[in-house]
There are 2 protein chains.
Amino acid sequence: MLNVTLLGSGGGMPMPERHLSSLMINYKGRKILVDCGEGTQVAIRKMNAGFKSIDIICITHVHGDHIFGIPGLLSTMGNSQRLDPVTIVGPKGISDVMRGLLLSIKQLPYSIEIIEDPKGKLGITNTEQGLKIKEQKDGMNDEITVSTLELDHSAPCFGYSFYLNRRPKFEPEKAIKNDVPRLIWSKLQKGETIVAGDRKYSPDLVLGEQRRGIKLTYITDTRPTKDIPQWINQSDLFICEGTYGDNDDMDKAIKNKHMTFMEAGELAKKGKVKELLLTHFSPALKEPNFYEHNAKKEFAHTTIGYDGYRKNIEYKN
Amino acid sequence: MLNVTLLGSGGGMPMPERHLSSLMINYKGRKILVDCGEGTQVAIRKMNAGFKSIDIICITHVHGDHIFGIPGLLSTMGNSQRLDPVTIVGPKGISDVMRGLLLSIKQLPYSIEIIEDPKGKLGITNTEQGLKIKEQKDGMNDEITVSTLELDHSAPCFGYSFYLNRRPKFEPEKAIKNDVPRLIWSKLQKGETIVAGDRKYSPDLVLGEQRRGIKLTYITDTRPTKDIPQWINQSDLFICEGTYGDNDDMDKAIKNKHMTFMEAGELAKKGKVKELLLTHFSPALKEPNFYEHNAKKEFAHTTIGYDGYRKNIEYKN
C-alpha cells in the first residue's frame with residue numbers, strides 16, 4: 001500500500017491559505033517527498049506527516065516554488081536527530097542549486113546524496129537505514145521502481161512515476177510439484193535465485209502469476225506532451241498540475257509553460273488513469289473548485305487537490 | 001514617524017501557528033525588513049505589509065531561521081515588477097550565503113547590493129528610487145541612522161539600532177535676526193550650508209534646539225552583553241529575543257547562546273528603554289504569555305510579541 005498526502009496545492013508563491021504543491025508518500029512508515037517549496041516544512045508539521053523518516057526527496061525542477069523550502073526542511077530534520085543519509089533526486093542543475101542552498105547550513109548530522117539527471121529507472125529498497133534509491137540494475141529486489149519523464153517547461157523538469165511492485169503469490173503446491181526444498185522457499189519468494197548441487201532454483205518455481213502493483217504519477221510543471229499519456233497509462237493516481245482553471249487562460253498556460261484543467265483532463269483520459277488529482281494552482285486561482293467542470297468534462301474521476309488531501313492506494317485484486 | 005509590524009515572533013523553525021521572528025519598518029511608505037526566515041513572505045502577505053517597497057533587508061545573522069525566506073521573498077518581489085535595487089546588510093559571511101541562495105534564482109528584474117560587516121554607522125535617505133542605505137559620512141542629510149552592535153551568539157550576529165533623526169524646528173525670527181536671505185531658508189532648513197558672496201550660511205542660523213528623534217532597537221540572537229544596555233539606551237521600542245520564558249531554562253539559554261525573559265527584562269531596565277517587545281520564542285514555548293511575569297518583574301512596560309503586532313512610534317515632544 002502507498003499512503004499519499006498532498007502537503008500543498010499551490011504554485012508560484014506560498015500563500016497564507018495554500019501551501020506550495022508538494023507530495024508526501026508514506027511507504028512502510030518511511031517517506032518520499034516530492035518537491036519542497038517555501039513553507040513545506042510547516043505543511044508537514046500541520047499535517048503531522050513526519051520529518052525524521054523522509055529518506056528521499058524527488059525534485060521536479062529547480063524553480064523556487066519547488067525548492068526554496070529545502071534548506072529549512074533539511075535543518076529541521078537535522079534538529080530532530082536524524083542520522084541516516086537523505087537522497088535528493090532531480091534534473092540537470094540540481095547539484096549546483098543544492099550546493100548553493102546548503103552553503104547556508106552550517107552542518108547536518110546526516111549526509112546528503114544527490115542523483116542528478118538519472119537516465120534510466122531508479123529502484124527503491126527498504127533497508128534498516130530507511131528507503132534507499134539507486135539507479136536500477138535488474139530491479140529484481142526493488143520494492144518501488146521510479147521512472148522520470150522529461151517535461152516541457154522553462155527549466156529542465158521531471159515527471160515522476162512510482163510503481164510499487166507486487167510479488168506474485170507464493171504457491172506451495174507449485175513448489176512441491178517442482179521439488180523445491182522447503183528450506184529455500186522463502187528465499188525464492190523474496191526473489192532470490194539459489195544454486196544447490198547441480199540445480200538452479202529460480203523464484204518462478206514457487207510463485208504464481210505476475211500481479212499488478214500500484215502506479216502513482218506526479219507531473220508539474222509542463223505543457224501537455226505527446227509522451228505523457230503513455231507514460232501515465234493506467235496510473236492508480238495521476239497527480240497533475242492545473243495551474244489555470246479557466247480555459248480562457250490558455251494563452252497564459254502556453255506562455256508560462258503550464259496547463260489548464262481541461263488539458264490535464266485530456267491527458268488523464270488518454271492515459272486511462274484511475275483518478276486525476278489536480279494541484280499547483282496559480283496564486284490568482286482563489287477557488288479552483290469553480291472550474292472543476294473543465295477537467296471533469298474530459299475526465300469524470302477528477303479531484304481538485306487541497307492541502308491535506310490524503311489517500312491510501314491499495315493493491316487492486 | 002516609524003510604523004513597525006512584527007511579522008513573526010518565533011525562533012528556530014517556522015511553526016503553523018507562529019512565523020519566524022521578523023520586523024517590517026515602514027517609513028514614508030518605504031520598507032526596511034529585519035530578518036527573513038522561511039515563511040516571512042507569507043507573513044508579509046497575511047499582514048498586507050507590502051513586498052514591492054522593501055528597499056533594505058537587515059540580517060542579524062546567517063542562521064537558517066533568519067535567512068531561508070530570502071530567495072522566496074526576492075523572487076516574489078521580482079514577480080511584483082520591482083525594478084529598484086535592494087540592499088542587504090549583514091554581518092561577516094552574508095555575501096557568501098547570499099551568493100549560494102541566489103544561485104537558485106534564475107534572474108531578478110532588479111539588482112542586489114550587499115553591505116557586509118559595516119564597521120561604522122550607516123545612513124538612510126529617502127530617494128526617488130526608495131530608501132538608500134550607505135556607510136555614513138557626516139550624516140547631515142541622513143533621515144535614519146543605523147548602527148550595528150556585535151552580539152554574543154554562535155555565529156557573527158548584529159543587533160540593529162534605527163534612529164529616525166528629527167530636524168530642529170525652523171525659526172523664522174532667528175533667520176531674520178541672522179540676516180539670512182529668504183531665498184535660502186528652505187535649503188538651510190534641509191541641512192544644507194550655502195556660501196554666498198563672502199558669507200557662509202549654515203543650518204543653525206535658522207534652526208532651533210536639537211530635537212529628540214525616534215530610537216528603535218532590535219536584538220536577536222544573543223546572550224546578554226555588557227555593551228547592550230548603553231547601546232539600547234532610551235530606545236522608544238526595544239525589540240529583544242526571549243527564546244526561553246522560564247527562568248529554569250537558563251542552562252539552555254547559556255548553551256544555545258540565547259536569553260530568558262528575565263534577562264531581556266534586566267537589559268530593558270538597565271537601558272532605560274520606553275517599551276520592551278519580546279520575540280523569537282522557542283518552538284517549545286507554546287504560550288509565552290504564561291511567563292510574562294518573568295520579564296515584567298524586571299521591567300514593567302514589557303509586551304509579549306505576537307505575529308501581527310503593530311505600533312506607530314511618534315516623535316515625543
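The values are calculated or read from the model by the stated rules, or taken from the named source; none is laboratory data. None of the values given here were measured: they were computed from a predicted structure. Using ideal geometry, Cβ is built from the backbone for each residue, glycine included, and neighbour counts are taken over all protein chains shown. Please note that ligands, DNA and RNA were not included when accessible areas were found on the heavy atoms of the full protein model with its side chains. Shrake-Rupley method; radii C 1.70, N 1.55, O 1.52, S 1.80 Å.
Assorted remarks:
- Compared with the dominant Cα axis of chain B, that is its longest principal axis, helix B:70-79 is turned about 60°.
- Each 20 Å bin from zero holds the following percent of Cα-Cα pairs in the protein assembly as shown: 18, 42, 27, 10, 2, 1, 0.
- Euclidean distance of C-alpha centroids, the range A:269-317 and the range A:167-227, integer Å: 33 Å
- Solvent-accessible area, 1.4 Å probe, carbon plus sulfur percent, for chain A: 51 percent
- For the range B:50-158, the square roots a ≥ b ≥ c of the C-alpha gyration tensor eigenvalues yield an a/c of 1.5 or more together with a/b not exceeding b/c, which makes the shape oblate.
- In this assembly, the A-B interface accounts for approximately 2300 Å² of buried accessible surface in total, computed with a 1.4 Å probe and without ligands, DNA or RNA.
- Residue (of B:ALA49, B:ILE59, B:LEU102) at the positive-pole extreme of the protein assembly as shown, dipole from beta-carbon charges: B:ALA49
- Straight-distance candidates among the aspartates and glutamates for linking to B:LYS52, with alpha-carbon spacing under 15 Å and chain neighbours fewer than 8 residues away dropped: B:ASP84, B:GLU128.
- The length gained by stretching the chain between A:LEU183 and A:GLU17 to full extension, at 0.36 nm per residue less their Cα-Cα distance, is 54.0 nm.
- Sequence-distant residues sharing a close amide H with B:THR243 (under 5 Å, placed H): B:MET259
- Value at 222 nm in deg cm²/dmol, rounded to 500, when DSSP H runs of n ≥ 4 in the protein assembly as shown each add -39,500 (n - 2.57): -5500 deg cm²/dmol
- Max-minus-min Cα coordinates of the range A:181-300 on each principal axis give 71, 25, 23 Å, with the largest extent listed first.
- Range of Cα positions in chain B per principal axis (Å), largest first: 68, 51, 32
- Cross-link pairs A:LYS169/A:LYS316; B:LYS106/B:LYS132; B:LYS269/B:LYS316 - those with Cα-Cα distance over 18 Å: B:LYS106/B:LYS132; B:LYS269/B:LYS316
- Within a Gaussian network of chain A (alpha carbon springs, distance under 10 Å), most fluctuating of A:THR60, A:THR243, A:THR303: A:THR303
- Nearest-ten-degree value, helix A:261-270 long axis tilted from longest Cα axis of chain A: 20 degrees
- For B:ASP65, net neighbour charge (Lys/Arg +1, Asp/Glu -1) across residues whose Cβ lies under 10 Å away: -3
- Normalised per residue, the accessible area of the protein assembly as shown is 42 Å², obtained with a 1.4 Å probe and no contribution from ligands, DNA or RNA.
- Those residues of the range B:5-52 for which accessible area with every protein chain present is at least 50 Å² below the isolated value (1.4 Å probe): B:MET13, B:PRO14, B:PRO16, B:GLU38, B:VAL42, B:ARG45
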